Amino acid sequence: MSQIRDLIFSNGERYPILMEENGLPNYWVTLYVTEKLRTSHTQSAISNSLGHLIHLKLWENINDRNLVSEFEQGRLLNDEDVYSIRDHCTLDTRSLKKWLKTSEKNVVKFAAASTASVTPIQKVSNDHASNRMSQIASYLEFLVRTILKTKLIEEEVSNNIEAMKSLLLANKPKGSSGKGLTADPNTKAPPPKAFERILRIVKETSPDNPFKGEEVKFRNAVIFEVMEATGMRAGEILGLQIQDIDFQKGKVAVVRRHDAVEDPRKKQPVAKTNERSIPIDKKITDRLRDYIMDKRAKIPAARKHPYVFVTHKHGKYHGKPISNSTFVNRVLKPAVAIHPELLEEITRHGFRHNFNYKLSKRIDEINKAAKENPKIKPINEKKEIQIRKELNGWSSDKTAETYNLRHIREEADRVMREDMDHWTNRAKKDK
């Protein structure tokens, strides 16, 4: 089965590549990535695109098809093919592969398969399926235009290719509208007490601390504390360099460093938002200084790169910056596993939601104090959005508004309950 591998070029560029079972890169996919994605997409975005194309190749295998060969013969996708690919794009890749291994019906052509036959297979969201269709349409258009390059002067051929692409895009599942509960990133976010609990668990002196070794306990505690205090993404934390910390002014800078030469990680953690500077209190500043000067400095290999958080386990990666997989599997998951009933919804992104929730509460406190003290300037809605955008590195007002939905809904719920209590009490008095 095809696999995605990440190459690192001498200039630091990360180049995801699709490798076939024979150990060679897939020629057409590599050509597509090089010509269409390489200059405009990040490593993560290219990897996501390759994942969608792996799903397309799975469709080819299931249906015993070879689209390259068919396109070379001038045979494009027909309506039935497009509908089959559309339905295929709604299925979860991992779940589908598992089903194919265990099901005795794995020779059934999916184009003719009944709905009942795919019931055991998990499905992806409409947004995910829609993204798949878009990427597949882009790739197939590139593929057929490249293969039939000498025939594109024929108007009929060019029109047929455009019609095929249009049909694929027309069959994309409708994504979320961006409104309602499903659009609120806080709908499934854990309550604030869950984050308070996990910070107590990972404190290096906690009896519940799941980590081994003084240095690892200290490092992980600091990571969680920085995430909680700044709302930084996991990739931003893992990409943090010593020079990004202003110990005198008490600030942490989030800097975009895609394809950094000094980063030895194949999957480079990077900032996805705008660069920004976030204030941190003296406690966090001192904790970062203690980790860097007392724990990190003792590892010779850590002096060869500028990244703050490093691997303390002896071996091949000793002293190297910790990877995203290490963070998820050896930092976050062990902490959450202590009290899964309370903490299971906590994700690395959850700290960002909690940061914005606390920010909303703080703004409420300021505005409440402003009503009692004219010297305190209140924060209006426009100013609040500007503050939120600056601290989170967002460009869009809409994103800032979305992350305030939990607080708005709490306020709406409070007002509604007060209104119900008012009318209930009034009804009692009327009796």
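Given just the C-alpha atoms of the range 214-318, how large is their convex hull per residue in cubic angstrom?
Per residue, the Cα convex hull of the range 214-318 comes to 98 Å³.
As I understand it, the value is the acute angle between the Cα axis of helix 79-88 and the longest principal axis of the Cα atoms of the chain; what does it come to in degrees, rounded to 10?
30
Would you pull out the residues with amide H under 5 Å of residue 91's amide H, same chain only if 5 or more places away, H placed 1.01 Å from N?
124
Show which lysines lie in cross-link reach of residue 149 when reach means a straight Cα distance below 19 angstrom and same-chain residues fewer than eight apart are skipped.
Those lysines meeting the cut-off are 36, 165.
Which ³J(HN,Hα) values in Hz, rounded to whole numbers, follow from the phi angles of the range 18-33 under the Karplus curve 6.51 cos²θ - 1.76 cosθ + 1.60, where θ = phi - 60° and Gly and Pro get x?
8, 9, 8, 4, 7, x, 10, x, 5, 4, 5, 5, 5, 5, 5, 4
Mean-square fluctuation check for the chain, GNM, Cα pairs under 10 Å: which of 419, 397, 87 is largest?
Result: 419 has the largest fluctuation of those listed.
Could you tell me the calculated FRET efficiency between residue 73 and residue 275, based on Cβ-Cβ distance and R0 = 60 angstrom, to the nearest 0.05?
Numbers: r = 51 Å, r/R0 = 0.84.
Efficiency at R0 = 60 Å is approximately 0.75.
Using the structure shown, select from 320/389; 57/272; 295/333 the pairs with a Cα to Cα distance greater than 25 angstrom.
320/389; 57/272
For the chain, modelled as a Gaussian network with Cα springs under 10 Å, which listed residue fluctuates most, 141, 70, 13?
With Cα springs under 10 Å in the chain, the top fluctuation among 141, 70, 13 is at 70.
Which angle between 0 and 90 degrees, to the nearest 10, do you get for helix 126-147 versus the longest principal axis of the chain when only C-alpha atoms count?
40
Between the helical axis of 43-62 and the dominant principal axis of the chain, each derived from Cα atoms, what acute angle in degrees is found, rounded to the nearest 10?
40
Can you tell me which lysines have their Cα less than 16 Å from the Cα of residue 193? Leave out same-chain residues fewer than eight positions away.
List returned: 203, 358, 361.
Tally Lys and Arg at +1 and Asp and Glu at -1 over the other residues with C-beta under 11 Å from the C-beta of residue 362: what net charge comes out?
Values: positive: 358, 361, 368; negative: 364, 365, 384.
Within the 11 Å Cβ shell, the charges total 0.
If the viscosity is 1.567 mPa s and the temperature 4 °C, what translational diffusion coefficient in µm²/s does Stokes-Einstein give for the chain when Rh comes from Kirkwood over Cα pairs? Working shown, then result.
Working: Rh = 25.4 Å.
The calculation lands on 51 µm²/s.
How are the C-alpha pair distances of the range 283-400 spread across 10 Å bins, as whole percents from the shortest bin up?
11, 24, 28, 23, 11, 2, 0
Can you tell me the length gained on complete extension of the stretch residue 429 to residue 126, counting 0.36 nm per residue apart and subtracting the Cα distance?
So the extension gain works out to 103.9 nm.
Straight-line reach only, C-alpha to C-alpha below 19 angstrom: list the aspartates and glutamates that residue 298 could link to, leaving out same-chain residues fewer than 8 apart.
The reachable aspartates and glutamates, counting only those whose Cα sits under 19 Å from residue 298, are 204, 214, 215, 286, 290.
For a footprinting-style exposure proxy, rank 65, 132 by other Cβ within 10 Å, fewest first.
65, 132
Along each of the three principal axes of the Cα atoms of the range 361-430, give the extent in whole Å, ordering the values from largest to smallest.
Taking max minus min along each principal axis of the Cα atoms, the range 361-430 gives 53, 31, 15 Å.
Counting alpha carbon pairs within less than 8 Å and at least 6 residues apart, what relative contact order, in whole percent, applies to the chain?
14 percent.
Which value at 222 nm does the chain reach when only helices count, each DSSP H run of 4 or more adding -39,500 (n - 2.57), with the total divided by all residues and rounded to the nearest 500 deg cm²/dmol?
My calculation for the chain gives -15000 deg cm²/dmol from helical runs alone.
Report the local net charge at residue 19: Lys and Arg +1, Asp and Glu -1, summed over other residues whose C-beta lies under 11 Å from its C-beta. Let's see the in-between values first.
Values: positive: 5; negative: 6, 20, 21.
Here the charged neighbours net out to -2.
What ³J(HN,Hα) values, in whole Hz, does the Karplus curve 6.51 cos²θ - 1.76 cosθ + 1.60 give for the range 4-14 when θ = phi - 60°, with x put for Gly and Pro?
Each residue of the range 4-14 in turn: 9, 10, 10, 9, 10, 7, 4, 8, x, 4, 8 Hz.
If you take every residue apart from residue 8 with its C-beta less than 9 Å away from the C-beta of residue 8, what net charge results, scoring Lys and Arg +1 and Asp and Glu -1?
Value of the local net charge: -1.
Bear in mind that the values in this text are calculations on the coordinates, not laboratory data. Please read these numbers as outputs of a predicted model, since none were measured by experiment. Glycine also receives a Cβ, built like all others from the backbone with ideal geometry; neighbour counts cover every protein chain displayed.
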